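Note sheet for the following structure.
The values are calculated or read from the model by the stated rules, or taken from the named source; none is laboratory data. Computed from a predicted model, the values in this text were never measured in an experiment. Here the Cβ positions follow ideal geometry from the backbone for every residue, glycine too, while neighbour counts run over all protein chains shown. In case anyone asks, the SASA skips ligands and DNA or RNA and just uses the protein heavy atoms, side chains included. Shrake-Rupley method; radii C 1.70, N 1.55, O 1.52, S 1.80 Å.
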Amino acid sequence: KAGVTQTPRYLIKTRGQQVTLSCSPISGHRSVSWYQQTPGQGLQFLFEYFSETQRNKGNFPGRFSGRQFSNSRSEMNVSTLELGDSALYLCASSLGQGGSNEKLFFGSGTQLSVL
Amino acid sequence: GESVGLHLPTLSVQEGDNSIINCAYSNSASDYFIWYKQESGKGPQFIIDIRSNMDKRQGQRVTVLLNKTVKHLSLQIAATQPGDSAVYFCAEGGGSQGNLIFGKGTKLSVKP
């Protein structure tokens, strides 16, 4: 069974641009979560989706948004990029309805560099 | 606020020795704990998890210990191998949290 797939693997953008990252969960998994990972802050929760609905959202500005499609695939978007948005963006899927009581399976991430 | 912290940011061990990675959690209502391993260039990989109704759980070469009294979690790796070199994260969940909260990570280096 294929794991969580994230595309693209690397991305370079300039300040002010916007970016869309894509995530395909493990087949059969219906919940998708997004995390931002930086050396200074570690893994910070962005949001979680289940059945195309955002169930939980972390403490990030409105420039960060996401959505989930009927096939459970998810995208996240960052608008008006700032230098501080440079990070590894990780997508994770889980088998159940999500939340914090089940294990997450992570993709390899999208490394975003904002110049 | 809620946080998960690690006692040691780096740990260096000799190949074949046992490794112990520690983690403190702050939310006494947390009832689910999980360890991940992250190798360079990869996403976190699930190692083992434990729920609060247990104080010990064993996997292949790994053991997780949970001490709810002092809110402490540890990961023991037996006969550490070079392939175990990675950053290890603990995370807590359950309670009032809607998502897993991760610690900052401990880097494990295995010397041949």
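Within chain A, what is the longest stretch that has no trypsin sites (Lys or Arg not before Pro) placed in a DSSP loop and near at most 12 other beta-carbon atoms within 10 Å?
On the way: sites that count: A:K1, A:R9, A:R15.
It works out to A:16-115.
As an exercise, identify the trypsin sites (Lys or Arg not before Pro) in the range B:22-81 lying in DSSP coil whose Cβ has no more than 16 other Cβ atoms within 10 Å.
Numbers: sites: B:K37, B:K42, B:R51, B:K56, B:R57, B:R61, B:K68, B:K71; in loops: B:K42, B:R61, B:K68, B:K71.
In loop regions of the range B:22-81 (DSSP not H, G, I, E or B), the sparsely surrounded trypsin sites (Lys or Arg not before Pro) are B:K42, B:R61, B:K68, B:K71.
Averaging sequence separations of C-alpha pairs under 8 Å and six or more residues apart, then dividing by the length of chain B, give the relative contact order as a whole percent.
Values: 279 pairs, mean separation 41.7, N = 112.
Over chain B, the number comes to 37 percent.
Could you tell me the accessible area of B:D31 in Å² (1.4 Å probe, neighbours in place), rounded to the nearest ten?
Roughly 50 Å² of B:D31 is accessible to a 1.4 Å probe.
As an exercise, find the ratio Rg/Rh for chain A from alpha-carbon atoms, using the Kirkwood inverse-distance average for Rh. If you can, show how the numbers build up before the last one.
Details: Rg = 13.2 Å, Rh = 13.9 Å.
Computed over Cα atoms, the ratio is 0.95.
Scanning chain A for GluC sites (Glu not before Pro) in DSSP loops with at most 13 other Cβ atoms within 10 Å, what's the longest stretch left with none? Please report the intermediate quantities before stating the final value.
Details: sites that count: A:E52, A:E82.
The reported range is A:1-51.
What FRET efficiency would be calculated for the residue pair A:Q18, A:S51, taking the C-beta separation as r and a Förster radius of 30 Å, to the nearest 0.05? Walk me through the intermediate numbers first.
Values: r = 26 Å, r/R0 = 0.87.
Approximately 0.70, to the nearest 0.05.
Find the accessible area per residue for the protein assembly as shown; the probe is 1.4 Å, ligands and nucleic acids are left out, and the unit is Å². Please report the intermediate quantities before stating the final value.
Values: 10610 Å² over 227 residues.
Using a 1.4 Å probe on heavy atoms only, each residue of the protein assembly as shown averages 47 Å².
Over chain A, what is the percentage of antiparallel beta bridges among all DSSP beta bridges, to the nearest 5?
Working: 37 of 41 bridges.
That works out to approximately 90 percent antiparallel.
On average, how many beta carbons from a partner chain sit within 10 Å of the beta carbon of a residue in B:84-97? Could the numbers behind the result be given before it?
Working: counts 0, 0, 0, 1, 0, 3, 0, 4, 1, 6, 4, 2, 1, 5.
Going residue by residue through B:84-97 and averaging, the value is 2.
Would you mind getting the Kirkwood hydrodynamic radius of the range B:1-102 from its Cα pairs, rounded to one decimal in Å? Walk me through the intermediate numbers first.
Values: mean 1/r = 0.0720 Å⁻¹.
Taking the inverse mean of 1/r over all distinct Cα pairs, the range B:1-102 comes out at 13.9 Å.
Checking the cross-link filter: which aspartates and glutamates have an alpha carbon closer than 13 Å to that of B:K71, excluding same-chain neighbours under 8 positions apart?
In chain and number order, the partners are B:E2, B:D31, B:D55, B:E92.
To the nearest µm²/s, what D does Stokes-Einstein give for the protein assembly as shown at 25 °C and 0.890 mPa s, using the Kirkwood radius over alpha carbon pairs as Rh?
Values: Rh = 18.0 Å.
Roughly 136 µm²/s, to the nearest whole number.
Could you tell me what percent of the DSSP beta bridges with both partners in the protein assembly as shown are antiparallel, to the nearest 5? Can you show the working numbers first?
Numbers: 72 of 81 bridges.
About 90 percent, rounded to the nearest 5.
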